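Report on one structure; see the data block that follows.
The values are calculated or read from the model by the stated rules, or taken from the named source; none is laboratory data. The shown structure was predicted, so the numbers you read here are calculated from the model rather than taken from an experiment. Positions of Cβ are generated from backbone atoms using ideal geometry, with glycine treated the same way; all protein chains shown enter the neighbour counts. Ligands, DNA and RNA are stripped out before the accessible areas are found, and what is left, the full protein with its side chains, is counted by its heavy atoms. Shrake-Rupley method; radii C 1.70, N 1.55, O 1.52, S 1.80 Å.
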Amino acid sequence: MLESLALTPESFSLPDSMWRLLISTGLLLLAIIILRTLTARFIRRNVASSELRGRLLVNFRNGFLLLGILGVALIWGDQIRSLALSIVAIAVAFVVATKELILCVSGAILKSGAGSFNLGDRIQVKDFRGDVIDQTLLATTILEVGPGKTGHQRTGRMVVIPNALFVSEPVTNESFTDHWDFHVFTVPFKREDDWQAAQKALLEAANRHCRPYLESARKHMNKVGVLRGLEAPSVDPRVTIQAPVASEIHLTVRLPVKSGQRSYIEQAILSEVFASTDFFNQEPRPCDDEKQERDL
């Protein structure tokens, strides 16, 4: 039976080099045990002070232990070096094979330590944007919001983001506070459009929609500023002018909104402003007519 399984006594024979190492190790340990026994006997017989005797016994015991460890390390040095190289090779192969998993765990530790976002926050990482609904050690799940970077409607799609992305990419958290947020949207016009009237109408509509909660938002932002050591931002609605290209004027509206009501407020303001007035493609103003007549 043993012969059929190739488990004969000859198969368990050790090479000569291994026998020499084992014999050297046994002789070293035997010598240390004999020396320790003789030293302890000599100390007990010749040292009268019990305090000094106990200290010497402890020191010699630790010294012989250290000597034994160093001796074994010297005897088995080549084998230990080969084993260490093998362990390093295995570790490198393991790291290469599980690189992405390690990066995911590192990303989870990074976002947790930095407090980048919490459940319910609206975040953007690269082209992924949405509300966080789940976090694990390997991935973060969001409900996509869009379309694009300015939309605020749920697309109905769920996106699972590997945490490795948080190691190499910045995270934009659109939920600065728990109760109030700032919302910014842009309305483009051409130079010949009546954008001055549109600017005035947008500002009036923004003030009208924000007036019921403007004071509450101001108190909350002041509290956030004190808590974080920052200057409290102004919560008053404003409409600023941008000129991205020579032929266009962009009106950028910024106003405070309640969390989760960005899309509602934006649509309400735009519907109110453009419901009764069309600011685009206006007829030339009187001053323009006079200028044309002078040119003729």
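Some points to look at:
- Some residue of region 151-164 being out of contact with any Ser or Thr (no Cβ under 9 Å at 6 or more places or on another chain), open to solvent by less than 60 Å² (accessible area, probe 1.4 Å) and either acidic (Asp, Glu) or farther than 29 Å from Lys223 by Cα (or both): no
- Here region 240-259 is the region considered, the condition is being open to solvent by 50 Å² or more (accessible area, probe 1.4 Å) and hydrophobic (A, V, I, L, M, F, W, C), and the residue that is farthest from His183 (Cα to Cα) is Ala246.
- Comparison of Arg55, Arg45, Arg61 shows that the only residue that is basic (Lys, Arg), surrounded by 11 or more Cβ atoms within 10 Å (Cβ to Cβ) and more than 30 Å from Arg20 (Cβ to Cβ) is Arg55.
- Residue that is nearest to Gly156 (Cα to Cα) [pool: residues in region 130-145 that are acidic (Asp, Glu) and in contact with a Leu (Cβ under 9 Å, 6 or more places away or on another chain)]: Asp131
- Within region 145-199, tally of residues that are under 20 Å from the mean Cα position of the chain (by Cα), in a strand (DSSP E or B) and either more than 29 Å from Ile102 (Cα to Cα) or among the polar types (S, T, N, Q) (or both): 2
- Any hit, region 225-234, residues being of a type in the set (Val, Ile, Thr) and within 29 Å of Arg191 (Cβ to Cβ): no
- Members of region 183-202 that are hydrophobic (A, V, I, L, M, F, W, C) and open to solvent by less than 60 Å² (accessible area, probe 1.4 Å): Phe185, Val187, Phe189, Trp195, Ala197, Ala198, Ala201, Leu202
- Leu70 vs. criteria more than 30 Å from Val160 (Cα to Cα), of a type in the set (A, V, I, L, M) and loosely packed, with under 12 Cβ neighbours inside 10 Å: yes
- All positions within region 213-239 that are modelled with pLDDT under 80, open to solvent by 70 Å² or more (accessible area, probe 1.4 Å) and either of a type in the set (D, E, K, R) or part of a helix (DSSP H, G or I) (or both): Val226, Leu227, Arg228, Glu231
- Within region 240-263, being under 31 Å from the mean Cα position of the chain (by Cα), of a type outside the set (Val, Ile, Thr) and not in a loop (DSSP other than H, G, I, E, B) holds for Arg254, Leu255, Pro256, Lys258, Arg262, Ser263.
- Any hit, region 243-251, residues being under 30 Å from Asn118 (Cα atoms) and of a type in the set (Val, Ile, Thr): no
- Pair list, Cβ < 6 Å and 6+ apart or interchain, from region 139-163 residues that are over 26 Å from Ile109 (Cα atoms) to residues that are open to solvent by 60 Å² or more (accessible area, probe 1.4 Å): Gly146/Thr155
- Tally of residues being of a type in the set (S, T, N, Q), free of Cβ contacts under 8 Å to residues at least 12 places away in the same chain and part of a helix (DSSP H, G or I) across region 64-105: 2
- Filter result for Ile123 (open to solvent by less than 20 Å² (accessible area, probe 1.4 Å), assigned to a strand (DSSP E or B), touching a strand residue (DSSP E or B) at 6+ places or on another chain (Cβ under 6 Å) and over 27 Å from Glu266 (Cα atoms)): no
- Here Val253 meets each of (1) out of contact with any helix residue (DSSP H, G or I) (no Cβ under 6 Å at 6 or more places or on another chain); (2) closer than 20 Å to Ser175 by Cβ with one exception, condition (1).
- Extreme residue, modelled with the highest pLDDT, among residues of region 260-286 that are charged (D, E, K, R) and open to solvent by less than 40 Å² (accessible area, probe 1.4 Å): Glu266
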